[in-house]
Amino acid sequence: MAEAYIVAAARTAGGRRGGRLKDWHPADLAAQVLDALVTRTGADPKLIDDVIMGCVGQAGEQANNIARNAVLASSLPESVPATSVDRQCGSSQQAVQFAAQAVMSGTQDVVIAAGVESMTRVPMGTTVRLPYEAGMGLYMSPQMKRRYPGVQFSQFVGAEMVAKKYDLSKDALDAYAFESHRRGAAATQAGAFASEIVPVAVTAEGGATEPHQIDEGIRFDASLDGIRGVKLLQEGGRLTAASSSQICDGASGVMVVSERGLKALGVEPLARIHHFSVLGEDPVIMLEAPINATRRALDRAGMKIEDIDLYEVNEAFASIPLAWLKELGADPAKLNVNGGAIALGHPLGASGTKLMTTLVHALHARGKRYGLQTMCEGGGLANVTIVERL
């Protein structure tokens, strides 16, 4: 069977909404990652067959095929094509899986899977709100409304439903959020992210230019009491802004190649893509799909959860990885070992390749073999990707 290999993985450090990355146009920010992947592999950019880029807010500065615009903003030649993907929060994880399919099919040999999201410059919900305000209607069709009468699809409602269904208390959610910050801070201070982060120039206070290379959302002085004191997102709920992912600006990417691509580039692989799949479930509770998606992925791969050394489960809300841990019987010591989106930020379309970048680097740093990534996604979807460190 044909194989797909990851030969480079990189990301920017996250930027808070209105923070250090606010002045970066998203196409230019993504271009920084594309250029870094080429530099790290020493690849002839003419050998890149395609760029597949995840992005959720494909409006304004992220409209008109942001993937192609990122290529045109980069050092890549105009001959490199590109396309944009929207599978909600899993957009760039899906980009990895599309890239793997391309090289495994034999139709392409070198593909960059990437993602970008400037949640500062293109706020969350823009693609729904602006067309509605312009009189172009909403995405829910009459047939959808008949199938789901009176339903308003909401990730916030879904996250609370997950917390209630799996009996996750506010104390447990707050404690998990605190641990995310603790792990993110410890990883940063130990230099765990140094090899994966692409520094980008930002303007500091006073007007000086400096590299942005530390995730801006980490609260190095976080306390459990402080997290517990944040007000609830909704009355009677269990989640707060502190136990939810941070709005974030960022870009990330991985280079995926075939065996022919390995030879053409003359590089050693970081990891082999062992399995990938995607599953759809209930779009109302919406965010619990990673549980059954992981079960099915492990079954199809002939593996058990105990065979996996590290897990990256996106921390869209604390209730999601906690429910996943509880149902899978997974080891919490293996989960998001360097912190997750609660501390590091969740740049929507960039989060898939961001998590994959962190997972691959963590496997190498810890000398572990198998890693599993999964994410909850709008519409009741979840991708699962299992990689083997090489």
Filter pass, Gly236 being surrounded by fewer than 21 Cβ atoms within 10 Å (Cβ to Cβ) and modelled with pLDDT of 95 or more | no
Evaluation of Lys145 against (1) outside any loop (DSSP other than H, G, I, E, B); (2) surrounded by 13 or more Cβ atoms within 10 Å (Cβ to Cβ); (3) basic (Lys, Arg) (one fails), failing number | (2)
Looking only at segment 92-137, count how many residues are at pLDDT 95 or above, surrounded by fewer than 24 Cβ atoms within 10 Å (Cβ to Cβ) and among the acidic types (Asp, Glu).
-> 1
Quick one: is Ala9 surrounded by 22 or more Cβ atoms within 10 Å (Cβ to Cβ) and in a helix (DSSP H, G or I)?
-> no
Pairs, first without any contact (Cβ under 8 Å) to a residue 40 or more places away in the chain and of a type outside the set (A, V, I, L, M) in segment 298-317, second surrounded by 16 or more Cβ atoms within 10 Å (Cβ to Cβ) and part of a loop (DSSP other than H, G, I, E, B), C-beta under 9 Å, six or more apart = Glu306/Ala330
Complete set of residues in segment 342-374 that are under 11 Å from Ile6 (Cβ atoms) and either free of Cβ contacts under 8 Å to residues at least 60 places away in the same chain or under 10 Å from the mean Cα position of the chain (by Cα) (or both) = Thr353, Met356, Thr357, Leu359
Within segment 126-152, which residues are touching a residue at least 12 places away in the same chain (Cβ under 8 Å) and either touching a helix residue (DSSP H, G or I) at 6+ places or on another chain (Cβ under 9 Å) or more than 17 Å from Val284 (Cβ to Cβ) (or both)?
-> Thr126, Thr127, Leu130, Val151
Quick one: which of Ser84, Ser91 is touching a residue at least 60 places away in the same chain (Cβ under 8 Å) and among the small types (Gly, Ala, Ser)?
-> Ser91
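Okay, residues lined up against (1) of a type in the set (S, T, N, Q); (2) assigned to a loop (DSSP other than H, G, I, E, B); (3) closer than 30 Å to Ala163 by Cα:
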residue: Pro211; (1), (2), (3): no, no, no
residue: Phe220; (1), (2), (3): no, yes, yes
residue: Val230; (1), (2), (3): no, yes, yes
residue: Gly236; (1), (2), (3): no, yes, yes
residue: Asp249; (1), (2), (3): no, no, yes
residue: Val254; (1), (2), (3): no, no, no
residue: Arg260; (1), (2), (3): no, no, no
residue: Glu268; (1), (2), (3): no, yes, no
residue: Phe276; (1), (2), (3): no, no, yes
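One line per residue, one yes/no per condition, for (1) of a type outside the set (Val, Ile, Thr); (2) modelled with pLDDT under 95:
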{"residue": "Asp171", "(1), (2)": "yes, no"}
{"residue": "Asp174", "(1), (2)": "yes, no"}
{"residue": "Arg182", "(1), (2)": "yes, no"}
{"residue": "Ala186", "(1), (2)": "yes, no"}
{"residue": "Gln189", "(1), (2)": "yes, no"}
{"residue": "Ile197", "(1), (2)": "no, no"}
{"residue": "Val200", "(1), (2)": "no, no"}
{"residue": "Thr203", "(1), (2)": "no, yes"}
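Each row is one residue, and each column tells you yes or no for (1) touching a helix residue (DSSP H, G or I) at 6+ places or on another chain (Cβ under 9 Å); (2) surrounded by 21 or more Cβ atoms within 10 Å (Cβ to Cβ).
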| residue | (1), (2) |
| --- | --- |
| Asn292 | yes, no |
| Asp307 | yes, no |
| Gly329 | yes, no |
| Ser351 | yes, yes |
| Thr357 | no, yes |
| Leu372 | yes, yes |
| Gly378 | yes, no |
Residue satisfying all of: in segment 331-349; out of contact with any helix residue (DSSP H, G or I) (no Cβ under 8 Å at 6 or more places or on another chain) and small (Gly, Ala, Ser); farthest from Lys165 (Cα to Cα) among these = Gly345
Residues being within 27 Å of Val387 (Cβ to Cβ) and touching a Gly at 6+ places or on another chain (Cβ under 8 Å) - total across segment 219-261 | 9
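The values are calculated or read from the model by the stated rules, or taken from the named source; none is laboratory data. If you're wondering where the values come from, they're calculated on a predicted model, not measured in any experiment. Because the Cβ atoms are built from the backbone with ideal geometry, glycine has one as well, and the counts that use them run over all protein chains shown.
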